[in-house]
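Novice: The structure that follows is given in the form of structure tokens.
The values are calculated or read from the model by the stated rules, or taken from the named source; none is laboratory data. Since the structure is predicted, the reported quantities are computational estimates derived from the model, not experimental observations. In this analysis, Cβ positions are derived from the backbone assuming ideal geometry, glycine residues included, and neighbour counts consider all displayed protein chains.
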Amino acid sequence: MYERNYDGKLGIRTAGIREWKGLAPHYSRYEATPYEGLDKLFEIYKIEDTDRVVDYGCGRGRVAFYIHNRFKIPVTGIELHEVTYDEAITNKMRYEKKIGETDIPIRFEFGYAQDYEIDPKYNIFYFFNPFAVHIFEEVVENILRSVKEHKRTVDIILFYPLPKYTRFLRRKTDFKLIEKIKVPKAEDRGDKFFIYRLSKGD
């Protein structure tokens with residue numbers, strides 16, 4: 001009930017699950033991060049008004065709309081599934097109708113995550129297991145390249161992280177795990193957020 005009520009508050013429709021077809025071996029099904037989990041995450045993890053967020057595999061846009069509405073900061077979602085992307089665009093129109101016009105951008109881009117050119121102003125990168133680890137590795141390499149060219153502290157937030165994701169960050173990058181946050185009342189032990197940080201001086 002809380003999921004649909006919060007969707008209603010934002011004027012969007014993000015509930016449900018969609019399985020991939022065709023590209024399924026490399027891409028995960030659509031399933032939105034629970035709102036209660038996002039509430040808990042952002043009780044502990046603090047967002048500043050200078051932060052900018054990219055949601056890789058954003059689906060219908062739940063995380064993007066939640067962050068944009070709560071923190072009033074720019075958010076960009078990247079989505080490859082064509083039907084799901086179209087639903088995110090429809091949700092954007094509904095959201096803007098619900099909350100009114102704003103100068104703070106919320107964008108959705110259609111395409112491969114590893115091809116997305118990272119805006120150097122963006123510093124927080126969110127993943128809910130959207131794709132296979134080799135694609136994740138390419139995306140992280142893009143983040144590292146962006147940081148090398150434009151020095152800044154960046155965070156990666158993983159929800160329900162695949163062990164291969166965390167192993168790669170631990171063994172092959174300088175990202176440091178700074179926080180684990182459990183979803184309230186979750187029965188599945190995997191319902192956690194892992195937050196990794198690469199500080200400007202690292």
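Novice: Looking at the stretch 19-34, is at least one residue out of contact with any strand residue (DSSP E or B) (no Cβ under 9 Å at 6 or more places or on another chain), assigned to a loop (DSSP other than H, G, I, E, B), farther than 18 Å from P184 by Cα and modelled with pLDDT of 95 or more?
Specialist: no
Novice: Collect the residues in the stretch 68-106 that are under 19 Å from F125 (Cβ atoms) and of a type in the set (K, R), keeping them in residue-number order.
Specialist: Scanning the stretch 68-106 gives a single hit, R70.
Novice: Among what's in the stretch 115-135 and is surrounded by 14 or more Cβ atoms within 10 Å (Cβ to Cβ) and at pLDDT below 95, pick the residue that is nearest to H68 (Cα to Cα).
Specialist: F128
Novice: Could you check the stretch 157-174 and list, in sequence order, the residues that are farther than 12 Å from E141 by Cα and either under 16 Å from the mean Cα position of the chain (by Cα) or touching a residue at least 12 places away in the same chain (Cβ under 8 Å) (or both)?
Specialist: I157, L158, F159, Y160, P161, L162, K164, Y165, T166
Novice: Quick one: in the stretch 93-114, which of the residues that are among the small types (G, A, S) and exposed (fewer than 14 other Cβ atoms within 10 Å of the Cβ) is nearest to the chain's Cα centre (by Cα)?
Specialist: G111
Novice: Quick one: in the stretch 59-92, of everything that is hydrophobic (A, V, I, L, M, F, W, C) and modelled with pLDDT under 95, which residue is surrounded by the fewest Cβ atoms within 10 Å (Cβ to Cβ)?
Specialist: V83
Novice: Determine whether D188 is modelled with pLDDT under 95 and either closer than 28 Å to E36 by Cα or within 18 Å of the chain's Cα centre (by Cα) (or both).
Specialist: yes
Novice: Next question, about the same structure. Limited to the stretch 61-89, what total is found for residues that are assigned to a helix (DSSP H, G or I) and either under 15 Å from the mean Cα position of the chain (by Cα) or touching a residue at least 12 places away in the same chain (Cβ under 8 Å) (or both)?
Specialist: 17
Novice: Quick one: which of F108, F131, F175, F194 is in contact with an Asp or Glu (Cβ under 7 Å, 6 or more places away or on another chain), closer than 20 Å to G57 by Cβ and of a type outside the set (S, T, Y)?
Specialist: F108
Novice: State whether one or more residues within the stretch 140-153 are at pLDDT below 95 and surrounded by 12 or more Cβ atoms within 10 Å (Cβ to Cβ).
Specialist: no
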